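The values are calculated or read from the model by the stated rules, or taken from the named source; none is laboratory data. Owing to the predicted nature of the structure, the values given are computational and were not obtained by experimental measurement. Cβ: placed from backbone, ideal geometry, glycine included. Neighbour counts: every protein chain shown. Please note that ligands, DNA and RNA were not included when accessible areas were found on the heavy atoms of the full protein model with its side chains. Shrake-Rupley method; radii C 1.70, N 1.55, O 1.52, S 1.80 Å.
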Amino acid sequence: MPLARVRVAVATLWAGSLWTVGYLVAPVLFATLADRALAGTIAGSMFRAGALLSAAFALLMLALLAWSGADLEPKRRRLLFALVLAMLGCVLLNYLGIQPLIAGIREAAGPGGLDASPQRKLFGVLHGASMLVYMVQSALAGVLIWKQR
């Protein structure tokens with residue numbers, strides 16, 4: 001039973017970190033700072049740190065699930081493994097796939113910024129895709145907490 005409580009705590013901390021950065025901190029940055037580029041830079045740094053934290057939480061959850069033994073029925077263990085792997089997939093897709101493309105577009109935009117960039121539309125599409133992946137991961141986090149018991 002103590003391992004089950006640790007799993008719930010880890011899942012809750014993971015979800016809380018996602019929800020706090022994505023749905024509280026980032027919107028507040030854009031609402032507060034007049035310089036949208038600065039807000040984007042700070043938010044990007046926070047999302048990168050959050051991605052590393054998410055990867056660590058995923059590895060910890062996978063280890064806890066592997067060690068859970070008889071306190072977790074096989075069907076539930078498979079479901080929890082699948083949820084954690086799906087969340088890890090979201091992190092990797094965003095961190096290793098979409099975010100480097102977004103960073104490349106921002107860097108290539110130069111001193112004129114994204115407003116003057118011919119790749120502004122592609123930036124918007126990639127940013128939207130990244131947000132969608134993040135929302136899926138955030139929803140999966142809620143399911144992960146819910147399915148612990």
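Out of all the residues in the range 75-100, which are without any contact (Cβ under 8 Å) to a residue 40 or more places away in the chain, buried (at least 16 other Cβ atoms within 10 Å of the Cβ) and over 19 Å from Gly16 (Cα atoms)? Please lay out each step first, then the result.
Going residue by residue through the range 75-100, those that are without any contact (Cβ under 8 Å) to a residue 40 or more places away in the chain are 75, 77-78, 81-82, 85, 88-89, 92, 96-98, 100.
Then keep just the ones that are buried (at least 16 other Cβ atoms within 10 Å of the Cβ); that gives 88, 98.
Ile98 - this is the single residue of the range 75-100 that is without any contact (Cβ under 8 Å) to a residue 40 or more places away in the chain, buried (at least 16 other Cβ atoms within 10 Å of the Cβ) and over 19 Å from Gly16 (Cα atoms).
Provide a single number: the residues in the range 30-40 that are open to solvent by 70 Å² or more (accessible area, probe 1.4 Å) and assigned to a helix (DSSP H, G or I). Even if it seems obvious, please write down each step before you answer.
Of the range 30-40, the ones open to solvent by 70 Å² or more (accessible area, probe 1.4 Å) are 30-32, 34-36, 38.
This time we only want the ones that are assigned to a helix (DSSP H, G or I), so: 30-32, 36, 38.
Total meeting the criteria: 5.
Quick one: what pairs do we get from the range 14-42, first residue farther than 14 Å from Tyr134 by Cα, second of a type in the set (Phe, Trp, Tyr) and open to solvent by 60 Å² or more (accessible area, probe 1.4 Å), C-beta under 9 Å, 6+ apart or different chains?
Arg36/Phe30; Ala39/Phe30; Gly40/Phe30
Under 8 Å between Cβ atoms, at least 6 apart or on separate chains: pull out the pairs that start in the range 122-134 with a residue that is at pLDDT 95 or above and end on any residue that is open to solvent by 80 Å² or more (accessible area, probe 1.4 Å) and part of a helix (DSSP H, G or I).
If the second residue must be open to solvent by 80 Å² or more (accessible area, probe 1.4 Å) and part of a helix (DSSP H, G or I), the pairs left are Leu126/Leu101; Val133/Leu93.
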